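What follows draws every value from the coordinates through simple rules; no lab data is involved. Predicted, not measured: the structure shown is a model, and the values here were computed from it. Here the Cβ is made from the backbone with ideal geometry for all residues, glycine too, and neighbour counts use every protein chain on show.
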Amino acid sequence: MTQHPQDAASLHARHQAVLPSWLSLYYERPLELTHGEGRHVWDAEGNRYLDFFGGILTTMTAHALPEVTKAVSEQAGRIIHTSTLYLSRPMVDLAERIAALSGIPDARVFFTTSGTEANDAALLLATAHRRSNQVLAMRNSYHGRSFSTVGITGNQSWSPTSLSPLQTLYVHGGVRTRGPYAELGDRDYIAACVADLEDMLQQTAGGIAALIAEPVQGVGGFTMPPDGLYAAFREVLARHGILWISDEVQTGWGRTGDHFWGWQAHADNGPPDLLTFAKGIGNGMAIGGVVARAEVMNSLTANSISTFGGSPVTMAAGLANLTYLLEHDLQGNARRVGGLLIERLRAVTAGLDVVREVRGRGLMIGVELVRPGTDERAPEAASLVLEAARERGLLIGKGGQGGASLRIAPPMTLTVAEAEEGATLLADALQAVQGVLAPS
Ligand code: PMP
């Protein structure tokens with residue numbers, strides 16, 4: 001049964017009356033998505049959309065993937081939940097697989113229920129291990145919504161308070177598009193960022209616990225620092241005993257195409273000390289976690305427990321989803337189809353003044369918008385393009401500095417035909433918005 005648009009309006013009003021004002025919603029007429037299949041979703045009014053945002057990356061493989069549905073329902077039919085106080089086979093199975101894939105030697109895995117909580121756990125471990133609450137984070141970063149993680153979130157529109165249990169210093173380098181050093185080549189850019197970091201460390205009293213960084217900034221607009229940046233940082237950090245936490249909440253599981261983890265594009269001199277993950281691994285079920293060397297993971301001496309982290313139903317989903325991802329080489333698919341999509345998007349937007357840049361890696365693609373005829377960021381254009389794409393049956397995201405970038409991250413089973421269809425729809429939406437914005 002499809003609903004009348006008025007039902008959606010009344011649901012929106014009820015949402016606003018009972019949920020926090022800061023829980024942001026997309027679209028002037030927010031969408032209620034009621035079901036999905038493959039790379040498509042349907043709203044309550046019966047409209048079908050090509051999903052180029054993958055439930056912001058939580059739908060890693062496909063909507064309603066039968067393998068995941070089956071694993072979840074079978075496990076739910078046996079037992080839904082126990083506790084970390086008891087042994088759980090699905091939890092150990094998934095931990096073993098993630099530990100082996102992580103690239104971290106002597107890895108231990110702790111499961112949480114979100115990326116926020118994963119980063120919070122990583123901060124707890126790193127600060128306890130180093131006995132310091134000083135941390136480094138990247139400018140324009142996003143790491144979560146809790147008290148500790150907003151304190152390491154450099155993107156100011158997502159960091160609602162300056163109060164923090166941590167002392168955070170923000171490092172330059174994650175965003176290359178604009179700002180200092182933007183014009184430099186890869187090597188010089190890295191050298192300049194390293195010099196900045198060294199300078200900051202020299203001028204900072206006390207021992208810093210960790211640097212936390214997203215290899216490709218997600219909320220920050222799918223920014224693309226040059227490969228090797230974090231390898232260069234790592235050398236500096238290692239000299240100071242500072243741990244490196246790679247936030248792989250968006251970049252993990254092969255989405256960037258060339259690599260299974262985002263850190264691999266950067267560090268040929270070794271893995272991070274800690275890695276955090278969430279979002280896609282559960283294909284929509286709430287799984288997050290942190291992987292760390294045993295020496296770091298086991299630095300907590302008091303007991304701990306997680307009521308829902310590692311819960312059997314979510315672990316069953318994660319196992320089925322990971323198996324599907326590996327067996328179908330979805331990393332390879334992200335590389336091939338993502339590469340093609342980036343090329344297509346560059347081609348179809350080449351003549352559009354509203355598009356400053358199409359940047360991306362695999363199936364993480366950012367399109368930065370400017371006011372036509374200027375180099376000023378155009379957040380209003382991003383909002384209009386979102387609406388225009390929706391009208392054409394395409395869901396995309398936005399974000400980045402000043403909210404002026406479009407974000408594209410489809411489920412990793414995306415086909416070539418869907419990539420081409422999406423690129424055409426998006427070009428059409430951009431064209432329409434440019435027509436409205438262009439100075440006459
Ligand atoms: N880290 C990164 C890089 C993220 O993109 C996000 C979510 N956008 C988080 C952490 C927080 O994850 P969650 O919303 O699951 O708490």
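Take the Cα of N303, step 7 Å toward its Cβ, do the same at R89, and the gap between the two points is 2.7 nm. Per-residue extension of 0.36 nm, minus the Cα-Cα distance of R131 and E420, leaves a gain of 98.9 nm for this segment.
Residues within the reach of a label modelled at A100 (point 7 angstrom out along Cα to beta-carbon, backbone nitrogen below 19 Å), restricted to the stretch 238-279, are 253-254, 260-261.
For the options E357, E248, E32, a Gaussian network treatment of the chain with springs between C-alpha atoms closer than 10 Å singles out E32 as fluctuating the most.
Figure legend: label point modelled 7 angstrom from the Cα of L25 along Cα→Cβ; no residues of the stretch 123-160 have amide N under 18 Å from it. Sparse packing (at most 14 other Cβ atoms within 10 Å of the Cβ) combined with a DSSP loop state is found for the following GluC sites (Glu not before Pro) in the stretch 361-395: E376.
Only DSSP H runs of four or more residues enter the estimate; each adds -39500 (n - 2.57), and after division by the residues of the chain the mean residue ellipticity at 222 nm equals -12000 deg cm²/dmol. Just checking the listed ones, G403, G77, G220: in the Gaussian network model of the chain with Cα springs under 10 Å, the one fluctuating most is G77. In loop segments of the stretch 104-210 as defined by DSSP, the GluC sites (Glu not before Pro) with at most 14 further C-beta atoms inside 10 Å of their C-beta are E183.
Of all DSSP bridge pairs formed entirely within the stretch 66-327, close to 40 percent run antiparallel.
Under a model in which nothing but the beta-carbon of Lys, Arg (+1) and Asp, Glu (-1) is charged, the stretch 355-398 shows a dipole of about 180 debye around its Cα centre. What the Cβ-Cβ distance of Q202 and A182 gives, at R0 = 35 Å and to the nearest 0.05, is a FRET efficiency of 0.90. In this rough spin-label picture, where each label sits 7 Å from Cα along the Cβ direction, the A17-E32 distance is 1.4 nm. Counted over the chain, the DSSP beta bridges are approximately 65% antiparallel. Oblate is the label for the chain. Its Cα gyration tensor axes, ordered a ≥ b ≥ c, give a/c of at least 1.5 and b/c at or above a/b.
Dipole orientation for the chain: of the candidates L211, G228, V175, L211 has the Cα lying most toward the positive pole (charges on Cβ; Lys, Arg +1; Asp, Glu -1).
The alpha carbon centroids of the stretch 147-178 and the stretch 339-400 are separated by 25 Å.
Only one residue of G262, Q431, I245 has its Cα farthest out toward the positive end of the dipole of the chain, where Lys and Arg carry +1 and Asp and Glu -1 on Cβ, and that residue is I245.
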